[in-house]
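I have placed the structure first, in the form of structure tokens, so that the comments after it can refer back to it.
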Amino acid sequence: MTIDTPAMAALVDPDTGVRPQASTTLPSHAALMDITARPEQVFVRGEGSWLWDDRGRRYLDFVQGWAVNTLGHAPACIRDALAQQSGLLLTPSPAYYNAPAIALADMLCRHSVFDQVFFTNSGAEANEGAIKLARKWGQLHKGGAHEIITFGNAFHGRSLATMSASGKPGWDHMFAPQVSGFPKARLNDLASVQALIGANSVAIMLEPVQGESGVHAATPAFLQGLRELCDAHGLLLIFDEVQTGIGRLGRLFAYQHFGVAPDIMTLAKGLGGGVPIGALLARQSACVFAHGDQGGTFNGNPLMCAVGLAVMQTVLAEGFLDQVRATGDYLGKRLEALSAQYGLGEVRGVGLLRALELGQPMAAAVVAHAREDLVLGAAGDNTGLLLNAPRPSVLRFMPALNVTTAEVDGMMDGLAASLDAVGVSKV
Ligand SMILES: *Cc1c(COP(=O)(O)O)cnc(C)c1O
């Protein structure tokens, strides 16, 4: 693939104003902003746990859109929901009711402790809404208190406020000035939270399992302690379940796994199973938006809500979450055995959100080998493996929730082969 040069700018057709394409065989990707290091492959098709690129190589996918594709690639129920809804109604207006939004909000509330829902288009937007809701609640009930205690290494999104709420190293001075009002405590250190509570505090916000930081779970005792602190000081407890929600940990929501209910919860990733939808959910006492406080052109559009309904119906079907827990336990056990075999580090996580500590900064090399050079299966088979390295020495595993144990076995074989290839030896 070639990118066009300044010389080509001179080749603008004077009649149409269009520049010639840089390559006649492949479209150049130079027109996409270069916001991350992407491999050269162009992905063209997916099915379940498998992806295909434009060169005909096939990949076993344990990234799944970053824990987005709840039911794997291109599941029939999402295709059918999109086809049916797109023939009926795309967007009436966010200021009109539509049937899929009503049904999905009702379903989310009936299966949780929450009373009302505001739909968004992303996780960052859901968290931005949670921050606004907490600040509004502080204006009404806490004399204008607005500080939300968040955590080191947290990830809440890439809008200005959610970047400020995040505790990602280096983000505190990127795009300065920060949005203020997000003092940082340490995960699983209740005293560090207690020390930050003051007259300006309105809420505590966290991921029950920090995903982007490399899968670090809060302990049940810590979450219970946060609940007690919130009750004692009149604060809202906010769970960012953008990554942990919709069955990822083997229960519909992570708060059910930990047995601690928040006042506000956000969802995104898995709710759409591959399409953009998020949600902000709150208990009645925290539903304080007045007309004009919150909105958005595409929010609660029937097309995405119809997909959310299809995903929820599948995840709530008899036996589905039991299977997630069983496969998650199997994945955890196999990772632990591999770690022992190669003398690697800790295996972390719950359900189908797992991480393996490699002990050395070689995660990127393992990921690259698995994607580019691995031959998974029979010799000559053009099959690779997609893995994620959220930190230099950590691999994260977030397969489709309907991944099979045979596919887990396939991933483990590929991972072992890639470890061998980058020079890690068995102990
Ligand atoms: C991915 C993620 C977000 C951001 O969601 P976007 O849809 O990318 O805006 C927020 N919080 C958590 C925990 C996430 O994993």
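The values are calculated or read from the model by the stated rules, or taken from the named source; none is laboratory data. The structure displayed is predicted, hence computed values, not measured ones. In this analysis, Cβ positions are derived from the backbone assuming ideal geometry, glycine residues included, and neighbour counts consider all displayed protein chains.
Just so you know, in segment 195-210 the residues that are assigned to a loop (DSSP other than H, G, I, E, B) and in contact with a helix residue (DSSP H, G or I) (Cβ under 7 Å, 6 or more places away or on another chain) include one that is nearest to ALA317 (Cα to Cα), and it is PRO208.
Restricting attention to segment 214-226, the residues that are touching a residue at least 40 places away in the same chain (Cβ under 8 Å) and either among the charged types (D, E, K, R) or more than 13 Å from ARG186 (Cα to Cα) (or both) total 3.
Of the helices (runs of 4 or more DSSP H) entirely within segment 68-152, those holding at least 2 residues that are over 14 Å from ALA282 (Cβ atoms) and within 16 Å of the ligand (Cβ to nearest atom) occupy 123-141.
Inspect all residues belonging to segment 153-176 and state whether any of them is under 19 Å from the mean Cα position of the chain (by Cα), assigned to a loop (DSSP other than H, G, I, E, B), of a type in the set (Phe, Trp, Tyr) and at pLDDT below 95. Yes: one or more hits. Annotation: GLN256 fulfils all but one of (1) among the polar types (S, T, N, Q); (2) closer than 29 Å to GLU147 by Cα; (3) touching a Gly at 6+ places or on another chain (Cβ under 9 Å); the unmet one is (3).
With respect to the stated conditions, MET174 fails to be within 14 Å of the ligand (Cβ to nearest atom) and outside the structural domain of VAL394 (by TED's automatic domain parsing). Within segment 126-154, which residues are crowded, with 23+ Cβ neighbours inside 10 Å and hydrophobic (A, V, I, L, M, F, W, C)? Selection gives ALA126, ALA130, ILE131, LEU133, ALA134, TRP137, ILE148, ILE149, PHE151, ALA154. I'd like to check something: does segment 159-168 contain any residue that is closer than 25 Å to LEU271 by Cα, surrounded by fewer than 21 Cβ atoms within 10 Å (Cβ to Cβ), within 16 Å of the ligand (Cβ to nearest atom) and without any contact (Cβ under 8 Å) to a residue 24 or more places away in the chain? The answer is yes, given that some residue of segment 159-168 is closer than 25 Å to LEU271 by Cα, surrounded by fewer than 21 Cβ atoms within 10 Å (Cβ to Cβ), within 16 Å of the ligand (Cβ to nearest atom) and without any contact (Cβ under 8 Å) to a residue 24 or more places away in the chain.
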